[in-house]
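Below you'll find the structure, written out as structure tokens, and then a few comments.
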Amino acid sequence: MAEITARAAEVTTAVTAAGAARAGPAGPGRARRARRRLAPLAWLGPAIALIAVVVLWPIVTLAQTSMQDITPIGVTIGSAGANNFRQLLDDPNLPGILVRTLVWVAAVVGLTMLASLGLAQLFNQRFPGRRVARWALIAPWAASVMMTALIFRWMLQPDNGVINVFLHQLGIVRQFDSNTSSWLGRPDSAMAWMIGVAVFVSLPFTSYTLLAGLQAIPGELFEAARMDGASRWRAYRSITLPLLRPAFAVAMVINLMNVFNSFPIIWEMTRGGPGYETNTTTVFMYNLKQSYLGEAAAMSVINFGLIIIIVLAYLRVSRAARTEAG
Amino acid sequence: MKQWRIPALAIGAAVAVTLAGCGSSGGSTAGGTTLTFFGADYGTGPANSTAKYWKAIAAAFHQANPGITVSVQTVDWTDFPDKVQTLVQNKQFPDILEGDTAPQFAQSHLLYPDSAVLSPAVLHNLLPTFLKDGRYQGTDYGIPFTTSTRALYYNKKIFAAAHLSSPPATWAQLRSDAAAIKAKGYIGYGMPLGSEEAQAEALLWFLGNGGGYLNAAGKYAINSPQNVQALEFMSQLVKAGDTQPSPGSTDRKDIWASFAQGRVGMMLGSPAVIPIIQAAGVLKPADYGTADVPGRTGPLTSTLGVHDDIVAFSTGGHQAAIRKFLDFAYSDAFQLQFDREYDLLPATQSAAAVLGRDPMFAAFLKNIPDSVNYPSAANWTTVENQIKTTLGQAVTGSPQGILNAIQHTATSGG
């Protein structure tokens, strides 16, 4: 937050200085000078108002809701103080959910970044049909995440899902309607499949970001390295990876936020069940909402705090990367 | 000037959208009174949407009472609780709400009592079994609109293939029948304990062991020994593979669809299963039958009865208009039309008498007088949500621990 405030102060100073400079020394009157000074507001005003209404207002409402006592049908009884937070932190399911959220974010983002590095490299090569292949990579991105998740759920149906039929023919799933074929009924295998789906839908964006980064690296560098006798692996480590860092950092942090907030995949595939065994904090917030609106708002506030931390990390990382690249 | 027209337009649009979102609900227009009706949708798509049913009633009613217009909105069952919660939280109360239970609204002083919005003749025609659930501090606030009861469905073809002659009456028979059916490659007994309706499946098993959600004194007794035993028996079935895998992740609609496809030997269901079987086109009417729900020592004498209520909100102040509309809507013709459309049961005695002449409905109607309903405490919805989410794990984990946690929620004020 401190950084954002500092930057806002810089902007304000700059604007004020510009206004003062234009007003000139012998201004025709105080009123006009004030009007000129306020002139930028006409341009900034709508944007500020929009931010206030669309961004800040919901946050304030959220914070208020998290401290209210609300019945399950939605009637507000009064203030709950910190009770919602206390109840949430006392929830026996919460520690498991926090750990699972961490595993979920780390696994999905980690696997996505690794796979995307390879994919971006591949799509940076010249090969026949590259244009078609590049278009095909967009498909999981263009498709609705909800539909993708739903289709995976159908493919994993224990009795006749196409993945089970395939695995049955390979002899891995011996019997339909058995525990083995019920992939989404067991928390560990359900998590594994959902991580797979999340990686699948995150790949296009990440690969394209990295591909753009790769294309920005001048070819002469590789040529020079080759003349100096550097191996391909050496060139990759010493040229590609360092110059790819800004693109990598952007893709990484945007993925972190995206995956942390990811709701439709888990909701469509398991609803967070069985029990609370496949809930992440985002899904848990929605589950709480059914009976405990205040507590759900408290969970949202905590989620929001975690997101702020990620955003700050993003600002720091991107600035560091920019300094280095510049 | 040109540049700032776009932000100005944007903010204008944003304000317009925000204001539109705050539009008031109902009220008196120049032409007379407008009632807002918000209901659950029982249809499977636009073709048989419940909105059609209510709009036809509203149109007929408007013709008879030109001073009153009823604006109808329905929403799919899945989204219904969320939508109602949002309406209440934003104080956009409808005048009439169909689909929810009354006590939680009555507790917040939002409702008219039944006697204020129904004429005595209509009020006394309601099935008395279901009235008590809408009672709050001695006054009835819930008006039963549609009802249903449960029975055991069994696939006669599968039973013949497994050399079984009659449906089970006891748990022991159910277990051996399920094992025999499983040996033929079908699902023996379909046990949906997923979040859709775990509370119904569980209650039918609890009742079979003399348990239930309440004890004889009407207090929550969710972790009673009878209930724990019932869950232990269920988990034996699951472990033996006599059910479908992962009951805690299986919704009712999945099992009903599998039964309609001819892959399930036995399951519990309401009359609403019949249209699903017909739509699938796999089973002919002679291929399946219904029987009483088995219990530990014999068939259940009282089965689960569920009902969806209409409640009338006092927040809009349209008592007279609501009363006129509800008296109009509770005619036998409309009740029967609804039941034939969705294969549900009526909520009025006169409509039940007419429908009882149909043997298919009669099998379910006979269970109404002795039916056991869900608790009517104001916190039942909260308890129910926890049952829906967690009970499925009782058949794979510890029944006692999970029932204790639910009982704790039920009895700890909230």
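The numbers here are math on the coordinates, done by the rules we state, and not lab data. The model shown is predicted, which means the values in this text are computed figures rather than measured ones. Note: ideal-geometry Cβ built from the backbone for every residue, glycine included; neighbour counts use all protein chains shown.
Determine the relative contact order of region B:323-396: mean sequence separation of Cα pairs under 8 Å and six or more apart, normalised by residue count, in whole percent. Walk me through the numbers before you get to the answer.
Numbers: 23 pairs, mean separation 12.0, N = 74.
Reported as a whole number, the value is 16 percent.
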>> Positive end of the dipole of region B:141-242, charges at C-beta (+1 Lys, Arg; -1 Asp, Glu), about the Cα centre: which of B:Pro225, B:Gln236, B:Leu174 has its Cα farthest in that direction?
In response: B:Leu174
>> Per DSSP helix of 4 or more residues, -39500 (n - 2.57); summed, then divided by the residues of chain B. What does that give at 222 nm, rounded to the nearest 500?
In response: -12500 deg cm²/dmol
> Given the Cα atoms of chain A, and with Rh set as the inverse mean 1/r over their pairs in the Kirkwood sense, what is Rg to Rh to two decimals?
Replying inline: 1.08
> Normalised by the number of residues in region A:87-325, what is the relative contact order in percent for Cα pairs under 8 Å and 6+ residues apart?
Replying inline: 27 percent
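Report for the protein assembly as shown the percent antiparallel among DSSP-assigned beta bridges with both residues inside it, nearest 5. Walk me through the numbers on the way to the answer.
On the way: 30 of 47 bridges.
Bridges in the protein assembly as shown that DSSP calls antiparallel: roughly 65 percent.
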> Which aspartates and glutamates have a Cα less than 14 Å from the Cα of B:Lys156, not counting those fewer than 8 places away in the same chain?
Replying inline: B:Asp177, B:Asp287
>> Using a 7 Å offset from the Cα along the Cα-to-Cβ direction at both B:Ala160 and B:His408, what is the distance between the two label points in nm, to one decimal?
In response: 5.3 nm
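For region B:33-129, divide the Cα radius of gyration by the Kirkwood radius and give the resulting Rg/Rh value with two decimals.
On the way: Rg = 14.5 Å, Rh = 14.9 Å.
Over the Cα atoms of region B:33-129, Rg/Rh equals 0.97.
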> Based on the Cβ-Cβ distance of A:Val99 and A:Leu122, what FRET efficiency does E = 1/(1 + (r/R0)^6) give at R0 = 35 Å, to the nearest 0.05?
Replying inline: 0.50
> Which one of A:Phe304, A:Gly294, A:Leu210 has its Cα pushed farthest toward the positive end of the charge dipole of chain A, where Lys and Arg give +1 and Asp and Glu give -1 at the Cβ?
Replying inline: A:Leu210
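Quantify how strongly other chains surround peptide A:274-280 by giving the mean number of their Cβ atoms within 10 Å of each of its Cβ atoms.
Values: counts 15, 12, 3, 3, 1, 1, 0.
Shielding by partners across A:274-280 averages 5.
For chain B, what value does the Rg/Rh ratio take when both radii are computed over Cα atoms and Rh is the Kirkwood radius, given to two decimals? Present the calculation step by step, with values, prior to reporting the outcome.
Working: Rg = 23.4 Å, Rh = 23.0 Å.
That ratio is 1.02, to two decimals.
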>> Calculate log10 I(q)/I(0) of region A:204-324 for q = 0.21 Å⁻¹, where I(q) comes from the Debye formula with a single equal point scatterer on each Cα and nothing for solvent.
In response: -1.12
> Hull surface divided by four, with the convex hull built on the Cα atoms of region A:123-190: how many nm²?
Replying inline: 6.6 nm²
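Could you list B:Trp171, A:Trp233, A:Trp43 in order of exposure, starting from the residue whose Cβ has the fewest other Cβ atoms within 10 Å?
Values: B:Trp171 21, A:Trp233 8, A:Trp43 12.
Ascending Cβ contact count within 10 Å gives the list A:Trp233, A:Trp43, B:Trp171.
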> Average partner chain C-beta neighbours within 10 Å, per residue of A:36-48?
Replying inline: 2
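Suppose every K and R has +1 on its Cβ and every D and E has -1 on its Cβ; what is the size of the dipole of chain B about the Cα centre, in Debye to the nearest 20? Provide the component values of the computation, followed by the final result.
Values: 27 positive and 30 negative charges, 106 e Å.
The dipole magnitude comes to about 500 debye.
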> What per residue convex hull volume, in Å³, comes out for the protein assembly as shown when only alpha-carbon positions are used?
Replying inline: 226 Å³
>> I need the phi-derived Karplus couplings for region A:115-131: 6.51 cos²θ - 1.76 cosθ + 1.60, θ = phi - 60°, integer Hz, Gly and Pro marked x.
In response: 5, 5, 4, x, 4, 4, 4, 4, 6, 7, 7, 8, 8, x, x, 5, 4
> Label points 7 Å out from Cα along the Cβ direction at A:Ala115 and A:Asn83: separation in nm?
Replying inline: 4.6 nm
> Under a 5 Å amide H to amide H cut-off, with H placed in plane at 1.01 Å, what residues pair with B:Asp309 once short-range neighbours are removed?
Replying inline: B:Gly99, B:Asp100, B:Phe145
> Placing +1 at every Lys and Arg Cβ and -1 at every Asp and Glu Cβ, with all other atoms neutral, what dipole size does region A:87-325 have around its Cα centre, in debye to the nearest 20?
Replying inline: 860 debye
> Counting Lys and Arg as +1 and Asp and Glu as -1, what is the net charge of the other residues whose Cβ lies under 12 Å from the Cβ of B:Val117?
Replying inline: -2
>> Under a crude label model (7 Å from the Cα following the beta-carbon direction), how far is B:Ala59 from A:Leu62 in nanometres?
In response: 4.5 nm
> For chain B, what proportion of DSSP beta bridges, expressed in % and rounded to the nearest 5, is antiparallel?
Replying inline: 60 percent
> Which one of A:Met194, A:Leu221, A:Val173 is farthest out on the positive end of the charge dipole of region A:122-244, using unit charges on Cβ (Lys, Arg +1; Asp, Glu -1) and the Cα centre as origin?
Replying inline: A:Leu221
>> Can you return the lysines within cross-link range of B:Lys239? Criterion is Cα-Cα under 20 Å, with same-chain partners fewer than 8 residues away left out.
In response: B:Lys182, B:Lys184
>> Give the lysines whose C-alpha is closer than 29 Å to that of B:Lys91, dropping any in the same chain fewer than 8 places away, or say none.
In response: A:Lys289, B:Lys52, B:Lys55, B:Lys83, B:Lys132, B:Lys324, B:Lys388
> If you add up the charges near B:Ala240, with Lys and Arg at +1 and Asp and Glu at -1, over every other residue whose beta carbon is less than 12 angstrom from its beta carbon, what do you get?
Replying inline: +2
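Specify whether the C-alpha gyration tensor of region B:296-414 places it in the rounded, prolate or oblate class, a ≥ b ≥ c being the square roots of the eigenvalues: rounded for a/c under 1.5, otherwise prolate if a/b is larger than b/c and oblate if not. If you can, show how the numbers build up before the last one.
Details: a/c = 3.10, a/b = 1.39, b/c = 2.23.
Note, shape of region B:296-414 comes out oblate.
If you place +1 on the Cβ of every Lys and Arg, -1 on the Cβ of every Asp and Glu, and leave all else neutral, what size is the dipole of region A:177-251 about its Cα centre, to the nearest 20 Debye?
Numbers: 6 positive and 5 negative charges, 41 e Å.
Charge dipole, region A:177-251, about its Cα centre: 200 debye, nearest 20.
Can you give the relative contact order of chain B as a percent, counting alpha carbon pairs under 8 Å and 6+ residues apart?
Working: 709 pairs, mean separation 99.0, N = 414.
Averaging sequence separation for qualifying contacts and normalising by length gives 24 percent for chain B.
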>> I'd like the distance between the alpha-carbon centres of region A:33-65 and region B:107-148, rounded to an integer number of Å.
In response: 50 Å
> When A:Met113, B:Met360, A:Met299 are ordered from fewest to most other Cβ atoms inside 10 Å of their Cβ, what list results?
Replying inline: B:Met360, A:Met113, A:Met299
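Treat the count of other C-beta atoms within 10 Å as a stand-in for reagent exposure and order B:His163, B:His307, B:His408 from fewest to most.
Working: B:His163 8, B:His307 26, B:His408 14.
By the 10 Å Cβ count, ascending: B:His163, B:His408, B:His307.
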> Using the Cα gyration tensor of region B:142-231, with a ≥ b ≥ c the square roots of its eigenvalues, what is the shape: rounded (a/c below 1.5), prolate (a/b larger than b/c) or oblate (neither)?
Replying inline: prolate
